[in-house]
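Data first, discussion second: the structure below is written as structure tokens.
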Amino acid sequence: MRVDLNGLLPDPLIRHNQSGPSTNSTSSSEVKDDGDTLSTDASSIEALTSQALATPELRHDRVAELRQAISSGQYQVEPDKVADAILADASARK
């Protein structure tokens, strides 16, 4: 199963309150920033859950076939097909 996390999770190093060092008193903007973070986290979790549920289960029969072909030396990699697939995937992500 492959789960792509790129772009779905907020950067934990980004400070949501850029006004300066935090203090013990909370202003209304600090509370709003906390709420924004929670809503972003919830939407990220929902997106990841949907992606995981949409991913097909592992095809054990196909994995066994590929293992056999690799171990017997019958598996042939076709570089042109690999390159085409990489380029197609990269252009689909843009």
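For this structure, a couple of remarks:
- Qualifying residue in the range 21-43 (condition: modelled with pLDDT of 60 or more, touching a helix residue (DSSP H, G or I) at 6+ places or on another chain (Cβ under 9 Å) and assigned to a loop (DSSP other than H, G, I, E, B)): no
- Near pairs, Cβ below 9 angstrom, 6+ apart or cross-chain, from the range 68-79 (of a type in the set (A, V, I, L, M, F, W, C)) to any residue that is exposed (fewer than 10 other Cβ atoms within 10 Å of the Cβ) and assigned to a loop (DSSP other than H, G, I, E, B): Ala69/Gln76
- Tally of residues being assigned to a loop (DSSP other than H, G, I, E, B), surrounded by 10 or more Cβ atoms within 10 Å (Cβ to Cβ) and modelled with pLDDT of 90 or more across the range 55-80: 1
The values are calculated or read from the model by the stated rules, or taken from the named source; none is laboratory data. Source: prediction; values computed, not measured. When we count neighbours, we look across all protein chains shown, and the Cβ atoms used for this are built from the backbone with ideal geometry, even at glycine.
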